[in-house]
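Please read the structure below before turning to the comments.
Nothing in this text is a laboratory measurement; each read-out follows from the coordinates by a stated rule. A quick note: this is a predicted structure, and the numbers were derived from the prediction, not measured. Here the Cβ positions follow ideal geometry from the backbone for every residue, glycine too, while neighbour counts run over all protein chains shown.
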Amino acid sequence: MQNRYFIHLAYKGTHYHGWQIQPNSITVQEVVNKALTLLLGEPIETIGAGRTDTGVHASSFYAHFDSVRKNIHLEANIIYKLNSVLPSDIVVYQIYSMPQTAHARFDAMSRTYMYRINQQKDPFNQEITTYFNKPLNINLMNEAALTIMEYTDFTSFSKLHTDVKTNNCIVYNALWVKVGTELQFTITADRFLRNMVRAIVGTLLQVGLQKITVTQLRLIIEQKNRSDAGASVDAKGLHLINVEYPKSLIVYA
């Protein structure tokens, strides 16, 4: 009989081609699978809460896997042992025993991303923030962010030729804040399209530079044409910071 487990992990995506396994490219999922397989002594295949693109980071990510072993989460030093096998840029925080029907991707209610822009050159954060020192009007950018929340079809911010059935998403929150030398954009939605957050940020920067107006942003969204929106910003500034699950599921954690 198979037993299902969730793992809560984080990773710095600089040296990986995203989460999901790809041929001829090293990914976070591949590394985690190999570590679990080595530690548990059986083939392990994880399924993540979503996919992150090349160079994107995650400070809070979930995946599930099945094992014939019972109560792995209760084994002494299991987290320490797993982190000893994993490279320094991937960490597992916890393993949870879950009902067999629990699914890391399909049961997720929302995901939250943060995009970090550093307005001052910083050699210590250059791999996890994007340097952008041009003056930006954060008030206009927040007005534009609120406007985005009024829409559900985000074709204008989606990577072309993807295999999704719909480009509709529900955005629950979108906000810019200034923290020290950083501008941080946080956005929460039930789901995200490929490249969506980076395309939104690139377009909102155009608003902040006052190259386009909020009214023009509305037209960009309504025209549903990716070429009308701003260029996607660098992946290194993007962080997945939260995945939310139903409380009824977390009871099993």
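Percent relative contact order of the chain, based on C-alpha pairs within less than 8 angstrom and at least six residues apart?
Values: 539 pairs, mean separation 61.4, N = 253.
Dividing the mean separation by the residue count of the chain yields 24 percent.
Using alpha carbon centroids, what distance separates the range 174-252 and the range 103-120, in Å?
A separation of 10 Å, based on Cα centres.
Report, in debye and to the nearest 20, how large the dipole of the chain comes out about its Cα centre when Lys and Arg carry +1 and Asp and Glu carry -1 on their Cβ.
Approximately 120 debye in magnitude.
Out of the trypsin sites (Lys or Arg not before Pro) in the range 79-152, which ones are loop residues according to DSSP with at most 12 other C-beta atoms within 10 Å?
Of the trypsin sites (Lys or Arg not before Pro), the ones in loops of the range 79-152 whose Cβ has at most 12 other Cβ atoms within 10 Å are Lys121.
Just flag the trypsin sites (Lys or Arg not before Pro) in the range 127-215 sitting in loop per DSSP whose Cβ has no more than 12 other Cβ atoms within 10 Å.
Filter output for the range 127-215: Lys165, Lys211.
Among DSSP bridges having both ends in the chain, what percentage is antiparallel? Round to the nearest 5.
Among the beta bridges of the chain, antiparallel pairing accounts for roughly 90 percent.
Pull up the DSSP beta bridges for the range 110-241 and report the antiparallel fraction as a percent, rounded to 5.
Numbers: 20 of 22 bridges.
Antiparallel bridges make up about 90 percent of those DSSP assigns within the range 110-241.
Suppose every Lys and Arg Cβ carries +1 and every Asp and Glu Cβ carries -1, with no other charges. What dipole size does the range 3-107 come out with about its Cα centre, to the nearest 20 debye?
120 debye
Go ahead and estimate [θ] at 222 nm for the chain from helices alone: -39,500 (n - 2.57) per DSSP H run with n ≥ 4, summed, over the residue count, rounded to 500.
-7000 deg cm²/dmol
With everything on Cα atoms, drop me the angle between helix 138-148 and the longest principal axis of the chain, reported from 0 to 90° to the nearest 10.
The angle comes out at about 70 degrees.
Which entry in (1) 131; (2) 140; (3) 113 matches volume of the Cα convex hull per residue in Å³ derived from the coordinates of this structure?
(2)
Quick check: from the Cα gyration tensor, does the range 42-125 come out rounded (a/c under 1.5), prolate or oblate?
Numbers: a/c = 2.74, a/b = 1.59, b/c = 1.72.
Oblate shape, in that a/c is at least 1.5 and b/c is the bigger or equal ratio.
Are there any GluC sites (Glu not before Pro) in the range 138-241 that are in a DSSP loop and have at most 11 other Cβ atoms within 10 Å? List them by number. Mind dumping the intermediate values first?
Values: sites: Glu143, Glu150, Glu182, Glu222; in loops: Glu150.
When the GluC sites (Glu not before Pro) of the range 138-241 are filtered for loop state and at most 11 Cβ neighbours within 10 Å, Glu150 remain.
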